[in-house]
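All remarks here apply to the structure that follows.
The values are calculated or read from the model by the stated rules, or taken from the named source; none is laboratory data. All values derive from a computational prediction rather than experimental measurement. Every residue, glycine among them, receives a Cβ derived from its backbone with ideal geometry; neighbour counts consider all protein chains shown.
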Amino acid sequence: MRPRAWCGVLAAVALSATACGGGGGGKKADDAGEAAGARSGFPVSVADCMGAKTSFDAAPRRIVTSNAAGLELLMWLGAGDKVVGTGFPPGKGALPQQYTEQAAKVPALGKTVIPKEKLLGSGADLYVDSFSSMKNMGKMGDAPTAEEFKAAGIKHVFLKSTACASMSKAARTDLSGVEADVEELGKVTGTSARAAELVAGMRKKTAEVGAALKDVPADKRPTYFLFDYDAGTKQPMAVCNRQVANAVITLAGGRNVFADCDGDFKPVGWEDVVAKNPDWIQLAVRNRGSQEANDKAFEEAAEFLRTFPATAELKAVKEGHFLRIGSERTTIGGVRSADTVREIAHVLHPDRVK
């Protein structure tokens, strides 16, 4: 998808005041509405992947998300009740338990990418997009143009830590971009206070891991390969240094074997993986809808590496150094990115990270 430009109770109150105020009350009501907007943090303006601005005078009332990651983030922010549809709906067990029931009520507008006509006809006033440049997600479909979004009355914002990763000018080695997404979506939805709490919690978790690993020299940290099983086994897809996963792996005390690759994802050859001979391999599979199905997919990925001649003799394969952690949790930024850091760190450095 090409990057494109990224109302609520206050608007309704202001409209009601104008309607009831009679002859000379209009200006006063307008002033009251503006004051209320200012108190709630509006207007706000956010940028897309190319820097183009989108402004909000009030919080959106009807939101569609490109996938479960955007849906989950809105639930963490307390704005989940505004979501009227999603693509890539969460499978069973994909979201934290406290959001499972609420998420199940959100209509799935597409099993994968939302068809253009459904998105434009959804009645949404905001589309939260996680994908943009994530080419390894498969065919992204015929995305609406900026003009079509505008004609449908839909504002388009991005979770930039993921969607704009390939355009980043520097390697991602921390979660600052993910934290910025949380804060920015908090501003857009009028939940900035909650966003600040979430970011503080993320920083606390990663700081604890950092403190535990501070004495481990960079060259002594284990090498790590994220095996995106669902991207295909014929040619592996490397996670490069602009991708969120590079930050997660780095913070967890690992060394991404493809950290010298500029960009988000890049197809490589199995001979490249063999040359790196990683200490650990993450079996990154996408949620299948149940724990049983996920476990089956993890085992299929492991069995492929054990039986494929090019990988059977890899150090990590021979020693059974596999991490079974979902792809989405590692490659798409969100509140739980900090938890993924801690989970990987515990496996790589069990004596330091409990």
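A compact table of results
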| read-out | value |
| --- | --- |
| Selection status of Val157, of a type outside the set (D, E, K, R), touching a Leu at 6+ places or on another chain (Cβ under 9 Å), part of a helix (DSSP H, G or I) and at pLDDT 95 or above | no |
| Residue that is modelled with the highest pLDDT, among those in region 129-142 that are over 18 Å from Pro90 (Cβ atoms) and either assigned by TED's automatic domain parsing to the domain that holds Val268 or charged (D, E, K, R) (or both) | Asp142 |
| Subset of region 268-290 that is on the phi < 0 side of the Ramachandran plot and under 21 Å from the mean Cα position of the chain (by Cα) - its residue that is surrounded by the fewest Cβ atoms within 10 Å (Cβ to Cβ) | Ser290 |
| Condition broken by Ile63, with the remaining ones in (1) within 17 Å of Arg329 (Cα to Cα); (2) in contact with a Lys or Arg (Cβ under 6 Å, 6 or more places away or on another chain); (3) β-branched (Val, Ile, Thr) satisfied | (1) |
| Yes/no for Lys111 being modelled with pLDDT of 95 or more, over 17 Å from the mean Cα position of the chain (by Cα) and of a type in the set (Lys, Arg) | no |
| In region 38-58, the residues that are more than 23 Å from Gly177 (Cβ to Cβ) and either of a type in the set (A, V, I, L, M) or buried (at least 21 other Cβ atoms within 10 Å of the Cβ) (or both) | Ala38, Phe42, Ala58 |
| Scope region 291-323; condition in contact with a Ser or Thr (Cβ under 6 Å, 6 or more places away or on another chain) and surrounded by 18 or more Cβ atoms within 10 Å (Cβ to Cβ); matching residues | Leu305, Val317 |
| Pick from region 239-295, criterion acidic (Asp, Glu) and out of contact with any Pro (no Cβ under 9 Å at 6 or more places or on another chain), ranking: nearest to Val178 (Cα to Cα) | Asp264 |
| Filter result (out of contact with any Ser or Thr (no Cβ under 9 Å at 6 or more places or on another chain) and not in a strand (DSSP E or B)) within region 233-261 | Thr233, Lys234, Gln235, Pro236, Gly253, Phe258, Asp260, Cys261 |
| Where a residue in region 196-219 is of a type in the set (Asp, Glu) and its partner, wherever it lies, is surrounded by 14 or more Cβ atoms within 10 Å (Cβ to Cβ), with Cβ under 9 Å and at least six apart | Glu208/Arg342; Glu208/Val353; Asp215/Arg352; Asp219/Arg255 |
| Selection within region 310-347 - more than 16 Å from Lys205 (Cβ to Cβ) and assigned to a helix (DSSP H, G or I) | Lys315, Ala316, Val317, Lys318, Glu319, Ser327, Glu328, Thr331 |
| Among residues of region 45-68, those that are closer than 28 Å to Met167 by Cα and in contact with a Pro (Cβ under 9 Å, 6 or more places away or on another chain), counted | 8 |
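Let's see how each residue does on (1) assigned to a loop (DSSP other than H, G, I, E, B); (2) crowded, with 21+ Cβ neighbours inside 10 Å; (3) out of contact with any Leu (no Cβ under 7 Å at 6 or more places or on another chain); (4) in the same structural domain as Gly254 (by TED's automatic domain parsing):
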| position | (1), (2), (3), (4) |
| --- | --- |
| Ser122 | yes, no, no, no |
| Tyr127 | no, yes, no, no |
| Pro144 | yes, yes, no, no |
| Lys169 | yes, no, yes, no |
| Asp181 | no, yes, no, no |
